Amino acid sequence: MKKIFILSALTFLSIVIGFGKESLRKWTNQEGRVISAELISLVNEKATLRMNNGREYVIELSTLSDADSNYARQWQKAKETAASMEEAGIKIGVPTVVIVETAFDQQTPPIQKGMISGWKAGLGEWRIDDGALIGDELPENNHASSLTHRLEATHLIITAEVQLGTAQQIAFACRDTVPPNLHLGRLYITPDKLWIQHMNGIAKTTKAEKLVTKKVKLDPEKWYNVTIEIIGEHYRAKVGKEEIEATHSRFADAKGIIALVNKGQGAKYRNVALWHAEAKE
């Protein structure tokens, strides 16, 4: 079993080694002394560093420079994000920068037009109740309910949790950056099928084509994790354990709006996140 040493400030000052491995990094303490080591873990503000000789030391972040302690925290956050993304089943993309993360856990009254937790209610009635976002279609709109978020992205990853409830269907919709933000594509979710379609136009000029459909069996009262990857022309989605994917040149266009779209009443969302992404090598 490898011995772990608790590195005191004095010991830290006495260790100075050269740079060998690519994974090694310069670490500077509050007094300006430098070592070269690889960051192995970060737990309770204590970093485990591995030296070139294989020895491991545990260092309080408070003894490191501000730049190095911040680096360690960012490293840990990136590691946790990568783990959660792997658990979500991401395969073709790599998340880089989060655009927005919304838990939808702060209760609000019903809203028909206006902002709700940083998203814009356009059609239908939206509210946050009992830790979830609920979107209901209104008969007078003659259109599915829609909640939007503006962004500028090329490659995109979307993660969320959804519950269909009594809604006929829900959709994750993308629109492009060309005014007035033309439709680009959608993932549709119903209790018995999923489908991906590419789109163009807006309102009465909208044109859509289903690219792929998959029969499924989803429980309307169960929460499902949803992961969507739009990487270049490749569109891949996972709903619970069900996966579906398609390709089309339209998907490579820049994204300007993401919308949550509900047909019917009772659909719920929580923990919705949008990420800039890169293609996985």
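The values are calculated or read from the model by the stated rules, or taken from the named source; none is laboratory data. These numbers were taken from a predicted model, which means no experiment stands behind them. Using ideal geometry, Cβ is built from the backbone for each residue, glycine included, and neighbour counts are taken over all protein chains shown.
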Every residue in the range 57-82 that is more than 23 Å from PRO95 (Cβ to Cβ), out of contact with any Phe, Trp or Tyr (no Cβ under 7 Å at 6 or more places or on another chain) and of a type in the set (Asp, Glu), please.
GLU60, ASP66
Scanning for something surrounded by 14 or more Cβ atoms within 10 Å (Cβ to Cβ), modelled with pLDDT of 90 or more, on the phi > 0 side of the Ramachandran plot and not β-branched (Val, Ile, Thr), does the range 54-71 turn up at least one residue?
no
Expected output for the range 84-113 (first residue under 17 Å from ALA279 (Cβ atoms), partner in a helix (DSSP H, G or I) and hydroxyl-bearing (Ser, Thr, Tyr), Cβ below 8 Å, 6+ apart or cross-chain) is PRO95/THR81
The residue that is nearest to the chain's Cα centre (by Cα), considering only those in the range 123-165 that are more than 22 Å from PRO191 (Cα to Cα) and assigned to a loop (DSSP other than H, G, I, E, B), is HIS155
Please list, ordered by first then second residue, the pairs with beta carbon atoms under 8 Å, 6 or more apart or interchain, first in the range 150-164 and within 12 Å of ILE228 (Cβ to Cβ), second part of a strand (DSSP E or B) and of a type in the set (Ser, Thr, Tyr).
ILE157/THR227; ILE158/THR227; THR159/THR227; ALA160/TYR269; VAL162/TYR224; VAL162/TYR269
For ASN53: the one exception among (1) in contact (Cβ under 8 Å) with a residue 40 or more places away in the chain; (2) over 25 Å from the mean Cα position of the chain (by Cα)
(1)
What pairs come up if the first residue lies in the range 207-220 and is without any contact (Cβ under 8 Å) to a residue 60 or more places away in the chain, the second is assigned to a loop (DSSP other than H, G, I, E, B) and of a type in the set (S, T, N, Q), and their beta carbons are under 8 Å apart, counting only those six or more places apart or on different chains?
LEU218/THR190; PRO220/THR166
Are any residues in the range 36-50 out of contact with any helix residue (DSSP H, G or I) (no Cβ under 7 Å at 6 or more places or on another chain) and surrounded by 17 or more Cβ atoms within 10 Å (Cβ to Cβ), and if so, which ones?
SER36, ALA37, THR48, LEU49, ARG50
Which residue out of LYS238, LYS268, LYS263, LYS222 is assigned by TED's automatic domain parsing to the domain that holds TRP195 and under 15 Å from the mean Cα position of the chain (by Cα)?
LYS238
Please work out which residue is farthest from ALA167 (Cα to Cα), limiting yourself to the range 114-145 and to residues that are of a type in the set (D, E, K, R) and either touching a His at 6+ places or on another chain (Cβ under 9 Å) or in contact (Cβ under 8 Å) with a residue 24 or more places away in the chain (or both).
LYS120
